[in-house]
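Below is one structure, written out as structure tokens; the observations come after it.
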Amino acid sequence: MSEHLTATAPLPLRPELIGKEPYGAPQLDVAVRLNTNENPHSPSAALADDIVAAVRDVVTDLNRYPDREATALRSSLADYLTATTGVAHTHADVWAANGSNEVLQQILHAFAGAGRTVLGFEPTYSMHHTIAESTGATYIAAPRDADYRIDAAAVVAAIERHRPDVTFVCTPNNPTGTSTPLETIEAIYDATEGIVVVDEAYIEFSTQPSAVHLLHGRRRLLVSRTMSKAFGFAGARVGYLAAAPEVVDALRLVRLPYHLSSLTQAIALAALRHRDELLATVDAVVGQRDRIARELSALGLTVAPTDANFVLFSAPDGDATGLWRRLVDAGVLIRDVGFADRLRVTAGTEAETTAFLAALRGLL
Ligand code: PMP
């Protein structure tokens, strides 16, 4: 895309987009892909059959628009949240969209935009920055401490200084794996008059409680979730949000009508009917994550403590890009997250993890 943007006379692009690169990890055809924090376990045959049957049921209605409110899907997501957190939810306080990226975009369209500011604690998920700017907002980066934690006192100071309209807390944090305790989230909420978005894309891999426990009485708190990671449903593009019903109403102002296709709604409902089976893969993934952390530490590499399904580790000689390239040449794709000296690897199946560790050992 970029080469077309520069090859001809410039298009009248919004000035702030000129020179920008589209977000995206390389999609390379290699044997072992551990670069986008997917769940390595594919849907079972029983789930695949249920998905096909669910699609079959809706295809004869594809001449009609989908349920604009996705009520059945939101109810099913609410049941899942209620069952796993003990905090009661209904469809009225749950919203759904095409991946949590779309949820985040809708949040920022509703609560950020031109003339507003968005605060994030870096390093963190770069789409928070990218989507904020794409709505016309100004993104402000506040630093995490040397262990990638959010220091509550420093954060409260940053909030008082910048008075952000939206503050992001990604927990567990991508790309570091660090969790933020609920007390820190409470302190952030109390320090701001703006929206606080807790991005819990990886929460099912964590031992920490979800921020949905804080929702009661906090109408500016939004908890964003996804089916792309623990549920192993990245290709289906389903993300969701738990928040006060008035927040859901606000997102309705900016969502495109019929944003979730009938097919997406039907297959997500099918997957949620199999949720116990899908989430049973979490233990295996966490086991491989812990194995990676253990074995990389034994190799003398620095490993950041992680609550997610990935591990951030130091590249020997501080040459992250060189090591990344040599691993690709060895058939293993991991993530160069833009740190000079660190790389991120997603926990794979046992065999994929073995292949990664063997390739790495061969290169050290
Ligand atoms: N939040 C975080 C922290 C992520 O790492 C990702 C995916 N990499 C997302 C949100 C978006 O995921 P999706 O749109 O697939 O739900």
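The values are calculated or read from the model by the stated rules, or taken from the named source; none is laboratory data. What you see is a predicted model; the values in this text were computed from it and never measured. Methodologically, a virtual Cβ is constructed for each residue, glycine included, from the backbone with ideal geometry; neighbour enumeration extends over all protein chains shown. Please note that ligands, DNA and RNA were not included when accessible areas were found on the heavy atoms of the full protein model with its side chains. Shrake-Rupley method; radii C 1.70, N 1.55, O 1.52, S 1.80 Å.
Annotations
- For the residues E350, E295, a 1.4 Å probe over the protein chains yields an accessible-area ranking, largest first, of E350, E295.
- Prolate/oblate/rounded call for the chain, Cα gyration tensor, a/c under 1.5 rounded: rounded
- Entry note, the range 156-206: relative contact order of 49 percent, from Cα contacts under 8 Å with a spacing of 6+ residues.
- The modelled label-to-label distance between R163 and D317, using points 7 Å beyond Cα along the C-beta direction, is 5.2 nm.
- Gaussian network model of the chain, springs between alpha carbon atoms under 10 Å - residue of L241, L13, L81 with greatest fluctuation: L13
- Computed from the Cβ-Cβ distance with R0 of 35 Å, the FRET efficiency linking V52 to L17 stands at 0.30.
- Electrostatic dipole magnitude of the range 319-364 [Cβ: Lys, Arg +1; Asp, Glu -1; Cα centre; debye, to 20]: 60 debye
- Build a GNM of the chain with springs between Cα atoms under 10 Å apart, and of G322, G239, G300 the one that fluctuates most is G300.
- Here is the list for the range 232-318: chymotrypsin sites (Phe, Trp or Tyr not before Pro) lying in DSSP coil, each with at most 15 other C-beta atoms within 10 angstrom of its C-beta, are Y258.
- With the simple spin-label model, which puts each label point 7 Å out from Cα in the Cβ direction, the A298 to E246 separation comes to 5.5 nm.
- The value of relative contact order for the range 254-346, using C-alpha pairs under 8 Å at least six residues apart, is 19 percent.
- For F205, solvent-accessible area (1.4 Å; no DNA, RNA or ligand), Å²: 10 Å²
- Residue of D307, D57, D165 that the Gaussian network model of the chain assigns the largest fluctuation, springs spanning Cα pairs under 10 Å: D57
- Ranked from largest to smallest solvent-accessible area, with a 1.4 Å probe on the protein heavy atoms, L73, L256 come out as L256, L73.
- Portion, in percent, of the accessible area of the chain that falls on carbon or sulfur, probe 1.4 Å: 53 percent
- Helical content of the chain, expressed as a calculated mean residue ellipticity at 222 nm, amounts to -12000 deg cm²/dmol (DSSP H runs of 4 or more residues, -39,500 (n - 2.57) each, divided by residue number, nearest 500).
- Per residue, the accessible area of the chain comes to 45 Å² when a 1.4 Å probe rolls over the protein heavy atoms.
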